[in-house]
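Here is the structure we will look at.
The values are calculated or read from the model by the stated rules, or taken from the named source; none is laboratory data. Remember, it's a predicted structure, so these values are computed and weren't measured experimentally. All Cβ positions, glycine included, derive from the backbone under ideal geometry; neighbour counts span all protein chains shown. The protein model used for the area step is the full one, side chains on, heavy atoms only, and it has no ligands, DNA or RNA in it. Shrake-Rupley method; radii C 1.70, N 1.55, O 1.52, S 1.80 Å.
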Amino acid sequence: MAQILVATSLVAIGAWLTYYGLGLSGGGESRSWAMFGPLLAGLGVALFIVVVNSRRNH
């Protein structure tokens, strides 16, 4: 259960960083955050898939 919480948190934080990095929140743009956010969200999705598949196989 903890892994799913971590995966969900990574996706949420990645989405927020992307939103912030693209300047959609009204602040300035930040290329590094705009690039790091989707990577973090993708890592969260990958972790979620691994956790779900490991539970399905056991």
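Of the candidates VAL52, VAL6, VAL45, the single residue that is more than 12 Å from the chain's Cα centre (by Cα), surrounded by fewer than 17 Cβ atoms within 10 Å (Cβ to Cβ) and aliphatic (A, V, I, L, M) is VAL52.
Within the option set LEU17, LEU24, LEU47, being aliphatic (A, V, I, L, M), part of a helix (DSSP H, G or I) and without any contact (Cβ under 8 Å) to a residue 40 or more places away in the chain holds for one residue only, LEU17. Taking LEU40 as the residue in question, decide whether it is in contact with an Asp or Glu (Cβ under 8 Å, 6 or more places away or on another chain) and either of a type in the set (Lys, Arg) or surrounded by 14 or more Cβ atoms within 10 Å (Cβ to Cβ) (or both). No; evaluated as a whole, the condition is false for this residue.
Residues of the stretch 9-30 that are among the β-branched types (Val, Ile, Thr) and open to solvent by 50 Å² or more (accessible area, probe 1.4 Å): VAL11, ILE13.
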